[in-house]
Amino acid sequence: MLMDLAQTLDSLHDAWLEAALEALAQGEATRVGLRPQLERFYELLRQAAASGDPAWLDSIVYLWVWSQTVTDLDSEVITIAEALQRLIEVTIQVARERLTEGENLEFITALMPYWLHMLEYAANQEMRAQLDHTTAELERVQRELERLDKSKSDFISVAAHELKTPLTLIEGYAAMLRDVLEGAAPETLREQTRPFLEGIFRGSKRIREIVDDLVDVSLLDNNMLKLSFQPLWLGQIFRSLTDELAPVLEERRLTLKVHRFPGSERLIFGDVERLQQVFRNLLTNAIKYTPDGGRITVDGRLLPGFVEVWVADTGIGIAPEDQHIIFDKFGRLGDPQTHSSGKTRFKGGGPGLGLAIARGIVEAHGGSIWVESPGYDEEKCPGSTFHVLLPLREEPPDESGKSGIFSKLAAYLKKGE
C-alpha cells in the first residue's frame, strides 16, 4: 500500500505542479521562483509516503515558516498554514480529475495523516514565529519608549536649568524697579505701576513653582532625590497647610476638615519639607477639582508598621481608566484648552507634575500612594480619595552616625508628648 501511494504521487506529479503554481503564483517571475520550492515539497511528500513517516515534511515546512520576513508577519499575506491548505485542495482536485472514484477515495484517505501532521506542525511553528516576532517588537517599542522617556527627562533637566537664570533676573530687576518707584517716584506713578509690578511678581512666582517642579521631576527621574529625615508630626504638617491654604479655601468657599486621626500626633521620621510638599499637592489637587462650596476631608489610621492618610473631596471624580495616568509625568486629564487658568481655580491648569512628584517622594520614603474614585461626573460629583501609606519610622536611616543622635532627640521629644 505504501508503494502504491508513492507511485500514485509519481503519476500525478506534473499535473499537480502546474496546478499548484497556478493556485499560489501570480506572475511569471513568481512562478519561476516558486517552482523549485514546490518540487522539493512534492519530493518530500513522496518520501514521507514511501517511508510512512510524515516527519519528512517538517524540514520544508520549517524553512518556509522561518523564512518569512517581518513584513510578511506584519502584513495580510497568507500564512504558511493557509498555503499548505491550498496545496491540499490542489491535490484533491488533481486526484479527482485523474483517478477513478475508488482510487481517489483510497488516495485521499491514505494522505490524510500526512496532511494533518503537516498542518499541525506548520501551525505550531507559525505560532512560535509570530510569538518571537511579537516579543521582539515589544522589546523594540520598550526601548523606544525608554529612549523617549530619557529624552524627555533630559529636556526637563535642561529646561529647568536654563530657565532659572533668566527667571532670577526678572525677579531681581522687578524688585529693584519696585524699590526705585517706592523710594523716589511720585505717588501717581507708583499707583499706576503697582498693578503691573504685582502682575510680574505673580507671574514670576508661578514660573518659579513650575521650574521647581521640573527640577524635582528631574531629580526623581535620575534617582537623585535626597531626603533629610527629621522628627515630625503629621498633624503639625496639616495645621501648617491649613493656614497656608486658608485664603484659597475662603475664596472658593471650600470647607477643609482635618481630623485628629490615630498617628497624626505620633512622632515619626521623614523629610518634613518633602512630605509637606506631598500633602500640599494633594490638597491643591482636591481644591482644583472640587466645585465651589465643596468639602475636603483629611483623615487616617494606624496599621502595623505604617500610618495611612487619606485626602477625600466632593469633586468631579476620576474615571477608572484614568486613575493610573494621573500619577505619570504630565498626566493631565481632559482637554487642556478647557481648563481655567490659575493653580487653584476650579479645573485650573498646570503642567501635570504635582501627583507624579508626590508619588516619587512617597515611594522614596518607602511608602505608596493611590487613588479611589467611583468615576467622573461633573454634575453628581462623586469625589476622589487619595491614600498615602507611610512607614512608621522611629529613627532615620543610619547615615554617618546620625541615627544615634536622632534617636536621643526622639526620645527627648516623646517625653514631652
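Observations, loosely collected:
- Using θ = phi - 60° and Karplus 6.51 cos²θ - 1.76 cosθ + 1.60, couplings along region 255-266 (whole Hz; Gly, Pro as x): 9, 10, 10, 9, 7, 8, 8, x, x, 5, 10, 8
- Ranked by the mean number of other Cβ atoms within 10 Å per residue, highest first, peptides 298-307, 356-365, 93-102 order as 356-365, 298-307, 93-102.
- With a simple spin-label model that places each label point 7 Å from the Cα along the Cα-to-Cβ direction, the separation between Ser151 and Ala185 comes to 4.6 nm.
- Global form of region 160-284, assessed from the alpha-carbon gyration tensor, a/c cut-off 1.5: oblate
- Sparsely packed loop sites in region 232-306 (the GluC sites (Glu not before Pro) outside DSSP H, G, I, E and B with at most 12 other Cβ atoms within 10 Å) comprise Glu265.
- Cross-link check: pairs Lys150/Lys226; Lys288/Lys329; Lys257/Lys288; Lys226/Lys329; Lys205/Lys226; Lys205/Lys347 evaluated at a Cα-Cα cut-off of 28 Å; no pair lies beyond the cut-off.
- Rg/Rh for the chain (Cα atoms only, Rh after Kirkwood) is 1.29.
- Taking the alpha carbon gyration tensor of region 2-145, multiplying each eigenvalue by 5 and rooting it gives semi-axes of 32, 17, 12 Å, largest first.
- Cα-based Rg and Dmax for region 88-227, where Dmax is the largest Cα-Cα distance (Å): 37.8, 118
- For the chain, the relative contact order comes to 11 percent (Cα pairs under 8 Å, sequence separation of at least 6).
- Dividing the convex hull volume of the alpha-carbon atoms in region 147-197 by its residue count gives 59 Å³ per residue.
- The chain: most fluctuating residue of Arg239, Arg31, Arg140 per GNM, C-alpha cutoff 10 Å: Arg31
- Taking every alpha-carbon pair under 8 Å whose residues sit at least 6 apart, region 64-191 reaches a relative contact order of 29 percent.
- Taking each DSSP H run with n ≥ 4 as -39500 (n - 2.57) and averaging over every residue of the chain yields -22000 deg cm²/dmol at 222 nm.
- Length-normalised contact order for region 2-145 - Cα pairs under 8 Å, 6+ apart - percent: 31 percent
- Dipole axis of the chain (+1 Lys, Arg; -1 Asp, Glu on Cβ), positive-most option in Val90, Leu177, Gly102: Leu177
- Percent antiparallel among DSSP beta bridges (both partners in the chain, rounded to 5): 80 percent
Every number in this text was worked out from the coordinates using simple rules, so none of it is lab data. Small disclaimer: the values here were computed from a predicted structure and weren't measured. Cβ coordinates were reconstructed from backbone atoms using ideal geometry, including for glycine residues, and neighbour counts include every protein chain displayed.
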